[in-house]
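In what follows, a structure is listed as structure tokens, so that the remarks can point back to it.
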Amino acid sequence: MYAGTRDERLCPAQTFVIGAVVHPDQETITFFVPESRSERILSDLKSNGRVALAVSLLTHEAYQLKGSYISSRPTDTKDRTVQEIYRSKLLSAMLQASYPEQIARPLVLGMAYQPAVAMTFRVEEIFLQTPGPEAGRKIS
Amino acid sequence: MGILPDEIKPAMQGVIPSHVATCSLDGTPNVTTVSQVYYVDPDHVALSYQFFNKTIKNIRENPRALAWVINPETFESWDLALEYEHSETSGPVFDVMDMQIEAIASMTGMKGIFKLRASDIYRVISATKNVGERLPLSEIDIASGTT
Amino acid sequence: MKHPVATEKEIPVEIRKQIAENQQIIDRLNRELARKSNEVRIIQQISSEITSTLDLDRILETILSAMDRILGFQHAMILLKDQSADNLRVVASRGYDHVTVGAEIAFGHGVIGVVAERQKMMRVGNIGASVSYLTAVQAKLKEAGQQGLSHVTAKLPSLPNVQSQLAIPLLVKDRLIGVLAVESPRPNAFDELDEILLSIVANQAATAIENARMYQMVEQLSRLKRFFSPQLAELIVAGGTEDPLKTHRREVTVVFLDLRGFTTFAEQVEPEEVMGVLRDYHAEMGRLILEHEGTLERFTGDGMMIFFNDPVPVPNPAERALRMVLVMRERVQELSSRWRRRGYDLALGMGIAQGYATIGAIGFEGRWDYGAIGTVTNLAARLCGEAKGNQILVSLRVAGEVEALIETEEVGPLALKGFHKPVPAFSVLGMKPNA
């Protein structure tokens, strides 16, 4: 999962995202960004609020969710559990997609995920992003 | 000049996918996975253009992009601030990328269907080696997959 | 004026720093130079091993062994281009369980096939990731109704779990003769230095392989020239006809010749004079056979067997045989008048027949000959035996084939050994005036 933002000069920034939670209203999502990358992301979000969240299943099916920033806070223990579940799911998905183990394991397990910042945004558009001529089709 | 150091080259072999963030003229960011960011020279990289997508559309409106690449042996990662310069449909950079794509396409039954439309050439504005993104490898219990 | 020499204490800090940096640069350059000298030495060693032999198999083995021992490429193969098709064939491999010599790769297929097609080197280090990505794209495209996707891709000779490949075209004067390829189960296993080293090996290999192949061809050519005309030998070596030594049946026109009176002559005359006569006779006959593009199957002293329509098919074998024999008769008549002045009484007897024969390599290891067997050869031989001096006897079949060209006179049916019924035979008087 990755998140993209941009600054006032339209220069983009990005980070990988370790774990996310969809709120019961089905419109709001909170995602977790490790502190090593959160400074620039937060600064962009606070200045213009625009964010894109790329979610891909390793069958190479991918979705791009776009929306507006609402708020942020440090992660708590519940968040941490979500992150750990995400990490182990990501690793098993990579191994299933035939990534060599000596790459997948250190890649996923070596990502620093704590301390992290929980960032919340409202989803406004969803796009299908799977590679191929269908890419970019808006689905809601 | 000469921004990209030699040590970044293994990160540009497509062993671990990279991702690229762009932004449309109306200020909406977009981030996608790319299989490989190609090294052209110490000041340029290239992305392959096979199917038209949001990334391609964005950089033609707003040429600034950010690519994240990672070395598959050391797991060091880099943020590359890029500016789109032009596209090539022939020449040495195009040929190298085209040959690779043709070879892999032929191995997966996609010969003639999955083709390189163009090589998009970007100027590298800065290359930042990331710190603090990784847990020290000794902390990872590789065998059991827990930390 | 002598300048005072500065002591170290007096040299300013900035300059000392510069000197230290310069020294670092010099050390680094020296290390690189040593590494390069090492590489140069390695390349020279490989090069001398490769070019020390003209035996193609030894060369291939040496290349792969040197690449493994000296440069550390454990999985490598050499493919050569087919003569007349855009296809490569594995001729040698090392470090594989299942890649067999003879396995084929078409141009444009896989890394090796694309390298052959574009005649440019290619290095990939992410085959697993790329294939998995494209397979997923293919599935999505299929769902979306894309046409033209293949289901099964032909299995290319390769490591089962290959991640990295580096392949280089083998070029001789811009002509592609094959490809040299190395593989690894590790991603990103090869770098730019490997590209350089392999390029140098490839250059040496291309020249050595081409030389060995030329040598092989020359050897084969000189061997074949003992049996066939030079044009034919060249045609066979260039791959323009099927292997003539492989057993096959074909309809051929067979000519037998020998000199009437030769046995008596050889008994009575000095050996040197016999050889002299034979030399003149062979020279004339040989020249005429070549001119008419016949195949000399054998000659034993004064006897010769020549046939037409093999190994190269011709449209009118009987006519060619006739024309050749008529000229031969004239020439030997000229020679005979010379010989008669020395007291030798020799004349040519000739027999021609046409029919199916079994043709191929006859003999044993170390002594293979190209031969034809069948009723047709017996008939031609017997007709020759029956022919008087200066007489050409032809079978019914041959007479029929060339009746528009020649005047004949029936002399049969003849009782011939090996034929239980008398055989029709015709004597050739000469060419028809309008032929």
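Bear in mind that the values in this text are calculations on the coordinates, not laboratory data. In this text the structure is predicted, and so the values were computed from the model without any measurement. Cβ: placed from backbone, ideal geometry, glycine included. Neighbour counts: every protein chain shown.
From the residues C:317, C:303, C:245, which one has its Cα farthest along the dipole of the range C:230-431 in the positive direction, the dipole being from +1 and -1 charges on Cβ of Lys/Arg and Asp/Glu about the Cα centre?
Checked the options; the winner is C:303.
On a straight-distance basis, which aspartates and glutamates could pair with residue A:66 in a cross-link, Cα separation under 12 angstrom, same-chain partners fewer than 8 positions away excluded?
Once the sequence-local aspartates and glutamates are set aside, what remains near residue A:66 is A:27, A:124, A:125.
I'd like to know which of A:18, C:215, B:100 lies farthest towards the positive end of the charge dipole of the protein assembly as shown, counting +1 on Cβ of Lys and Arg and -1 on Cβ of Asp and Glu.
Result: A:18.
Which FRET efficiency value, to the nearest 0.05, is calculated for residue B:1 and residue C:70 with the Förster distance at 51 angstrom and r the Cβ-Cβ distance? Mind dumping the intermediate values first?
Details: r = 38 Å, r/R0 = 0.74.
Efficiency computed from Cβ-Cβ geometry: 0.85.
Would you list which lysines come within 21 Å of residue C:17, measuring only between C-alpha atoms, while excluding same-chain residues fewer than 8 positions from it?
Straight-distance partners of residue C:17: C:9.
Determine the dipole magnitude for chain C: charges of +1 sit on the beta-carbon of Lys and Arg, -1 on that of Asp and Glu, nothing else is charged, the reference point is the Cα centre, and the result goes in debye to the nearest 20. Mind showing how you got there, number by number?
Details: 49 positive and 54 negative charges, 93 e Å.
Dipole about the Cα centre, nearest 20: 440 debye.
Work out the length of the dipole vector of the range C:255-403 about its Cα centre, built from +1 on the beta-carbon of each Lys and Arg and -1 on the beta-carbon of each Asp and Glu, and round it to the nearest 20 debye.
Values: 16 positive and 21 negative charges, 61 e Å.
That gives a dipole near 300 debye.
Where the centre of each part is set by its Cα atoms, how far does the range C:168-236 sit from the range C:304-361, in angstrom?
Taking the Cα centre of each part, the range C:168-236 and the range C:304-361 sit 43 Å apart.
Among the listed pairs C:120/C:142; B:111/C:140; B:9/C:155; C:246/C:417; A:89/B:57; A:89/C:142, give every one whose C-alpha distance is greater than 22 Å.
On the way: C:120/C:142 32 Å; B:111/C:140 16 Å; B:9/C:155 31 Å; C:246/C:417 30 Å; A:89/B:57 32 Å; A:89/C:142 27 Å.
The answer is C:120/C:142; B:9/C:155; C:246/C:417; A:89/B:57; A:89/C:142.
In Å, what Rg and Dmax follow from the Cα atoms of the range A:2-128?
14.6, 41
Given points 7 Å out from each Cα along the Cα-Cβ axis, report the residue C:268 to residue A:77 separation in nanometres with one decimal.
With each label point 7 Å from Cα toward Cβ, the separation is 13.0 nm.
List the lysines whose Cα sits under 26 Å from the Cα of residue C:421, skipping any in the same chain fewer than 8 residues away.
Those lysines meeting the cut-off are C:388.
Got a sec? Charge dipole of the range A:2-128, +1 on Cβ for Lys and Arg, -1 for Asp and Glu; which of A:54, A:29, A:111 is way out at the positive end?
About the Cα centre, the residue reaching furthest to the positive side is A:111.
Per-residue mean of other chain beta-carbon atoms within 10 angstrom of the beta-carbon, peptide B:109-118? Kindly include the intermediate steps, with their values, before the conclusion.
On the way: counts 11, 10, 6, 4, 9, 8, 0, 0, 0, 0.
The mean count of partner-chain Cβ atoms within 10 Å per residue comes to 5.
In nm, to one decimal, how far is the residue A:21 label point from the residue B:25 one, both placed 7 Å along Cα→Cβ?
Here the modelled spin labels are 4.1 nm apart.
What Kirkwood radius, in Å to one decimal, follows from the Cα pairs of the protein assembly as shown?
Answer for the protein assembly as shown: a Kirkwood hydrodynamic radius of 32.5 Å.
Which residues' amide hydrogens lie under 5 Å from the amide hydrogen of residue A:116, considering only partners 5 or more residues apart or on another chain, with H built in the peptide plane?
So residue A:116 has HN proximity to A:35, A:75.
What GluC sites (Glu not before Pro) in the range C:249-356 are in a loop by DSSP, with at most 16 other Cβ atoms within 10 Å of the Cβ? Write out the running numbers ahead of the final one.
Values: sites: C:251, C:267, C:272, C:273, C:284, C:291, C:293, C:297, C:319, C:330, C:334; in loops: C:293.
When the GluC sites (Glu not before Pro) of the range C:249-356 are filtered for loop state and at most 16 Cβ neighbours within 10 Å, C:293 remain.
Tell me, in nm to one decimal, what length is gained between residue C:55 and residue C:175 on full extension, where the rule is 0.36 nm per residue of separation less the Cα-Cα distance? Please list the in-between numbers first.
Numbers: separation 120, 0.36 × 120 = 43.20 nm, distance 2.14 nm.
The span from residue C:55 to residue C:175 would gain 41.1 nm if fully extended.
Distance from the Cα centre of the range C:102-145 to that of the range C:406-435, in angstrom?
Value for the Cα centre distance between the two parts: 69 Å.
I need C:308, C:190 ordered by Cβ neighbour count within 10 Å, fewest first. Please list the in-between numbers first.
Details: C:308 25, C:190 21.
Taking fewest neighbouring Cβ atoms as first place, the list is C:190, C:308.
Can you work out the PRE-style zone for residue B:125? Point 7 Å along Cα to Cβ, and I want the residues of the range B:77-111 with backbone N under 17 Å.
Counting only backbone N, you get B:79-86.
About its Cα centre, how strong a charge dipole does the protein assembly as shown have in debye, to the nearest 20, once Lys and Arg get +1 and Asp and Glu get -1 at the Cβ?
Numbers: 76 positive and 88 negative charges, 93 e Å.
In debye, rounded to 20, the protein assembly as shown gives about 440.
Just from its helices, what would the mean residue ellipticity at 222 nm be for chain B, if runs of 4 or more DSSP H residues each count -39500 (n - 2.57) and the sum is divided by every residue, rounded to the nearest 500 deg cm²/dmol? Spell out each step's value before the answer.
Details: 2 runs with 24 residues, N = 147.
That calculation yields -5000 deg cm²/dmol at 222 nm.
Using the per-residue mean of other Cβ atoms lying within 10 Å as a proxy for protection, in what order, highest first, do the peptides C:156-166, A:96-106 fall?
Working: C:156-166: 20.0, A:96-106: 17.2.
Output ranking for C:156-166, A:96-106: C:156-166, A:96-106.
Under the rule of -39500 (n - 2.57) per DSSP H run of 4 or more residues, summed and divided by the residues of chain C, what mean residue ellipticity at 222 nm is obtained, to the nearest 500 deg cm²/dmol? Numbers along the way, then the final one.
Values: 11 runs with 190 residues, N = 435.
Rounded to the nearest 500, the figure is -14500 deg cm²/dmol.
Which value, in Å³ per residue, describes the convex hull spanned by the Cα atoms of chain C? It would help to have the intermediate numbers written out before the result.
Working: hull volume 148.3 nm³, N = 435.
Dividing the Cα hull volume of chain C by its residues yields 341 Å³.
Taking the Cβ-Cβ separation of residue C:338 and residue C:226 as r and a Förster radius of 41 Å, what is the calculated FRET efficiency to the nearest 0.05? Let's see the in-between values first.
Values: r = 29 Å, r/R0 = 0.70.
Taking R0 as 41 Å, the efficiency between residue C:338 and residue C:226 is 0.90.
Using the beta-carbon distance between residue C:26 and residue A:88 and R0 = 45 Å, what value does 1/(1 + (r/R0)^6) give for FRET efficiency, to the nearest 0.05? All intermediate terms of the calculation are to be shown ahead of the outcome.
Working: r = 53 Å, r/R0 = 1.17.
In this case the efficiency is close to 0.30.
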